[in-house]
1. Can you tell me the length gained on complete extension of the stretch Asp370 to Arg160, counting 0.36 nm per residue apart and subtracting the Cα distance?
2. Could you do me a favour and compute the accessible area per residue for the range 307-415, 1.4 Å probe, result in Å²?
3. If each of Arg207 and Thr380 carries a label point 7 Å out from its Cα toward its Cβ, how far apart are those two points in nm?
4. Kindly report, to the nearest 10 Å², the accessible surface of Phe344 as traced by a 1.4 Å probe over protein heavy atoms only.
5. Span-like helices, the chain: DSSP H, alpha-carbon axial extent 30 Å or more, mean Kyte-Doolittle 1.0 or greater, which ones?
6. In nm, to one decimal, how far is the modelled label at Asp78 from the one at Arg194, with both set 7 Å along Cα→Cβ?
7. Over the range 193-262, average the accessible area per residue using a 1.4 Å probe and give it in Å², no decimals.
8. Rounded to the nearest 5, what is the percent of antiparallel bridges among the DSSP beta bridges in the chain?
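The values are calculated or read from the model by the stated rules, or taken from the named source; none is laboratory data. For clarity, every value in this text was computed on a predicted model and none was experimentally measured. Please note: Cβ atoms are built from the backbone with ideal geometry, for glycine as well, and neighbour counts cover all protein chains shown. Protein only, heavy atoms only, side chains kept; ligands, DNA and RNA dropped before computing areas. Shrake-Rupley method; radii C 1.70, N 1.55, O 1.52, S 1.80 Å.
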Amino acid sequence: MSERSCDVVVIGAGPAGEVCAGRLSDAGLEVVIVEEHFVGGECSFYGCMPSKALLRPGQVLAEAKRVRGTAETIDGLDVQAVLKRRDEVINHLNDDNQTPWLDAHGVALVRGHGRITGERIVQVGDETLTARRGVVIATGTEAAVPPIPGLREARPWTNRQAVTAGEAPPSLVVIGGGTVGVEMATAYASFGTRVTVIEAGPRVLAREEPFAGEEVCAALAEVGVEIRADTHVTAVERTNGRVSVALDDGTSVSGDEVLVAVGRRILSADLGVEDFGAEPGHPIEVDERLRVPGHDWLYVIGDANGRALLTHMGKYQGRIVADRILGREVALRSDGALSPRVTFTDPQVAAVGHTLASAEEAGIKARAVDVPTGGNAGGTFVGPGAPGTARIVVDEERRIIVGATFTGPEVAEALHAATIAVIGEVSLDDLWHAVPCFPTRSELWLNLLEAYGM
């Protein structure tokens, strides 16, 4: 047994934990970060990074096919080259390229499973860590596997297998039409895989504006993806290497693999959180300071608190908690369901703040204004002829934008301007004087304001 004391212990070296630990250490505190798997977390090895490595080539190919001069010379993807590049992005599932960042910021790494055994005490194997200032939980999530008869026995893919597969299967059944489901459907369809998506709800991307899901569905259908909405899976069976998925309408679909993409499960079990009022396996409740109520030394950031299961929001929370531990009074201003978010399909879906429906549910006197994403000079050069919709949701009483959604090719990079407008509560009168450059697609902001009546 060994003992060590430090200022702060961070449990979990994913993006949220890394950012928090680095910021604290840069400010002069002694920080220990605990990680039992990969430094860099789910995002670096099984989530955001490898999935975008799989998606990007298909998006570039689609864009090249839209542009005369390249469309005439383009064939298809070299799938093995795409997978090789993916392997480079995830460093062949080795985190030795991640740990130098911790060293550069003076953060000590302890490998193993961390468990809170007392106030400011974390046990990692035979080592006891005592934190003088606080403990930060940043343990993230894993894929949820619902209790469908036969599903676990069928050895389903989760996001981990989907983004690290060594080859593209001839056919794939995707259970779930959320972000992971439609992104992986997009990627594998671009590889030539026959894909079927099963969604229990009435539409894919249910949290976004209805037009977003409709446009994604139409695009997937064009590349041969079958989408079965309002359909529940009743049983799964793997026989002779193939998977059969039974549906509640009496039909079934089959594939070489089945991907479960129905949500995430909080990794809060076996952390000792039950001693502090939390329920293991569930989101850990925090106050607006991101502290566990009644325990001013215990913080929870990222997916583990369930507020916004997004890498960038976990990193944001990590910065907020670091500042608070350092004695700076800062307040959360961007968090929860209204956080900026992107689905990297083709068309991409980029959104921040309210949809029209959620604004109305929140009691806002809201008005939606829509224009075509490519309906300006910039659209002649980027995404020519591709469908896409840009929407702002305006609070009519305050004359500010409370939500925005963009669909179309390459719209992810357009989102930050909307995020600034929403978080900064910039008035429409001020936005009218923020003149977009010609000929860029950012002129859609001018189009939107003119459509509103400015």
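1. Numbers: separation 210, 0.36 × 210 = 75.60 nm, distance 3.70 nm.
Gain on extension, Asp370 to Arg160, equals 71.9 nm.
2. Details: 4250 Å² over 109 residues.
In whole numbers, the range 307-415 has 39 Å² accessible per residue.
3. 3.9
4. Rounded to the nearest 10, that gives 60 Å².
5. Working: long enough: none.
Long hydrophobic helices here: none detected.
6. My value for the distance between the label points is 2.8 nm.
7. Values: 3180 Å² over 70 residues.
Ligands and nucleic acids excluded, the figure is 45 Å² per residue.
8. On the way: 45 of 78 bridges.
Of the beta bridges lying entirely in the chain, close to 60 percent run antiparallel.
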